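Data block below; observations after.
The values are calculated or read from the model by the stated rules, or taken from the named source; none is laboratory data. Every value quoted in this text rests on a predicted model; they were computed, and no experiment measured them. Here the Cβ is made from the backbone with ideal geometry for all residues, glycine too, and neighbour counts use every protein chain on show. Only protein heavy atoms, including side chains, enter the accessible area calculation; ligands, DNA and RNA are left aside. Shrake-Rupley method; radii C 1.70, N 1.55, O 1.52, S 1.80 Å.
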Amino acid sequence: MKMKKKVLFVTTISGFLPQFEKNDVFILQEMGFEIHYASNFKNPVYTFNENKLRDQGILMHHIDIAKNPSKLMANTHTIRQLKTIIERNQIDLVHCHNPMGGVTARIAAACSNKKPYVIYTAHGFHFYKGASLINWLLFYSAERFLAHYTDQIITINQEDYLRAERFHLKKGGKVHQIHSVGVDDRRFAPHREIAEKKRAEIGIPQSAFHIVTAAELNRNKNQKIIIEALAKLCNQKIHYSICGRGPNETALKQLVSEKQLNSNVHFLGYRVDMEEILQTADCFAFPSYREGLGVAAIEALLCGVPLIVSDNRGTREYAVEGCNSILCKAGKSEDFAVAIDRLYSYREERSEMAKSCRASAKKFTIQEVDRTMRRIYQDAAANL
């Protein structure tokens, strides 16, 4: 009997696979692969059900991977753990994600007896135009070196794609660009008829101008700039809902109290109903300093919600000034205050932008990404 080929997904953050890689799992299972998933299951950023993954035939492996590259002991141990997983399970294909997932998995694959085929998805290189010198010295050097042990690199924006094309991959190696991990445009679609009920559920006045953000609460995601912008506007009719959790939650709540915005800023926690929350939004704020792309903003566009975003290499993939978005400088609360006031004050402009949103996000849907990922996996299977 022919043995099943085996693929190992490696992510730094547990829950990343069910959150972003469900379609890739489906493609590989359809191709006859046995699916293994290694991550730090003690570090849940995205809510998920481990038993449900097991029921789907996914074999789980805990690893002690740390997101911070300075955690050398933990990540050195992770390399040994991954090497053991690859060898014991005779893994044929490794598909790794996130910076440290990419580092540890590729080193482990190269050091293993099995020498599996390796695909790395870069969800936004940490070196980019405007990045700090330390990022270039650390991350660029690491990615350039590790490319030698990579069969295929997948990028999610044009700047990263052009950079990766200059790397030297394994013989026959290829670089691809996909438009996000694929967003379900049936789930994320305009259904404004539920907005009134959902607003009542989450505590947003029906007459309020409602801004929504969905992202991990950390420094890079920059939610504080929206809070500072609201403090400048002093408009009680504007409400801001922050969806997500993370290390900056306490600091953000303190800032809200200092700015006396407790009645207007709502911390909704991690949500599994974003397709409904977005129906209540007048605009979606995405003020990150850095984005590889930004799936949450694409979900908002597919729901017909205009964006207020930081101008960075990720948002430039879909945000068009005056068409579906207003672009701001990440560190300037004044820019965001002006943008919020503009969408609040000019209902007609907001309505016209909303009409353009869904069409502008079509290339980021599951159907488009599925075609590319099938080609990538078929190419990998042909080389196993």
In the chain the accessible area split gives carbon plus sulfur, as whole percent at 1.4 Å, a share of 51
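Within segment 282-350, list the chymotrypsin sites (Phe, Trp or Tyr not before Pro) lying in a DSSP loop whose Cβ has at most 14 other Cβ atoms in a 10 Å radius.
Working: sites: Phe284, Tyr289, Tyr318, Phe336, Tyr344, Tyr346; in loops: Tyr289, Tyr318, Tyr346.
Counting only loop positions with at most 14 other Cβ atoms within 10 Å, the chymotrypsin sites (Phe, Trp or Tyr not before Pro) in segment 282-350 are Tyr346.
Could you calculate the contour length gain from Lys114 to Ser263, that is, 0.36 nm times the residue separation minus the distance between their Cα atoms, to one decimal place in nm?
On the way: separation 149, 0.36 × 149 = 53.64 nm, distance 5.78 nm.
Result for the pair: 47.9 nm of gain on full extension.
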Taking every alpha carbon pair in segment 115-196 and sorting the distances into 10 angstrom bins from 0 up to the bin holding the longest one, the percent per bin comes out as 17, 40, 22, 13, 8, 1
Segment 111-267 -> Rg/Rh from Cα coords, Kirkwood Rh, value 1.11
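So, R0 is 30 Å and r is the distance between the beta-carbons of Lys67 and Arg371; what FRET efficiency does that work out to, to 0.05? Mind showing how you got there, number by number?
Numbers: r = 31 Å, r/R0 = 1.05.
Given R0 = 30 Å and the Cβ-Cβ separation, E is 0.45.
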Once the dipole of the chain is set up from charges on Cβ (+1 Lys and Arg, -1 Asp and Glu), the residue from the list Ala122, Ser207, Asn75 lying farthest towards its positive end is Asn75
Taking Cα atoms, the helix 72-88 axis meets the longest principal axis of the chain at an angle in degrees (rounded to 10) of 50
Ranking Asn113, Gln90, Ser39 by how far each Cα lies towards the positive end of the charge dipole of segment 1-115 (+1 on Lys and Arg Cβ, -1 on Asp and Glu Cβ), the top one is Asn113
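Any idea what the dipole of segment 59-121 comes to, in debye rounded to 20, about its Cα centre with Lys/Arg Cβ at +1 and Asp/Glu Cβ at -1?
Values: 8 positive and 3 negative charges, 22 e Å.
That gives a dipole near 100 debye.
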Rounded to 0.05, the calculated FRET efficiency for the beta carbons of His148 and Arg186 at R₀ = 35 Å is 0.30
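With every protein chain left in place, what is the accessible area per residue of segment 134-238 in square angstrom, probe 1.4 Å? Don't skip to the end; give the middle numbers.
On the way: 5220 Å² over 105 residues.
Result: 50 Å² per residue.
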Going through Lys221/Lys253; Lys232/Lys253; Lys71/Lys115; Lys83/Lys114; Lys4/Lys114; Lys129/Lys329 one by one, the pairs whose alpha carbons sit over 19 Å apart turn out to be Lys71/Lys115
Sorted largest first, the Cα spans of segment 238-335 on the principal axes come out in Å as 34, 30, 25
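Treat the chain as a sphere of radius equal to its Kirkwood radius over Cα pairs and apply Stokes-Einstein at 20 °C in a medium of 1.002 mPa s; give the translational diffusion coefficient in µm²/s, rounded to a whole number. Provide the component values of the computation, followed by the final result.
Values: Rh = 21.7 Å.
Translational D for this selection: 99 µm²/s.
Leaving out ligands and nucleic acids, and using a 1.4 Å probe, what accessible area per residue does segment 276-384 come to in Å²?
Numbers: 4120 Å² over 109 residues.
Here the residues of segment 276-384 average 38 Å² of exposed surface.
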In Å², rounded to a whole number, the accessible area per residue of segment 1-127 with probe 1.4 Å is 44
So the FRET efficiency between Glu334 and Gln378, C-beta based with R0 = 45 Å and rounded to 0.05, is 0.35
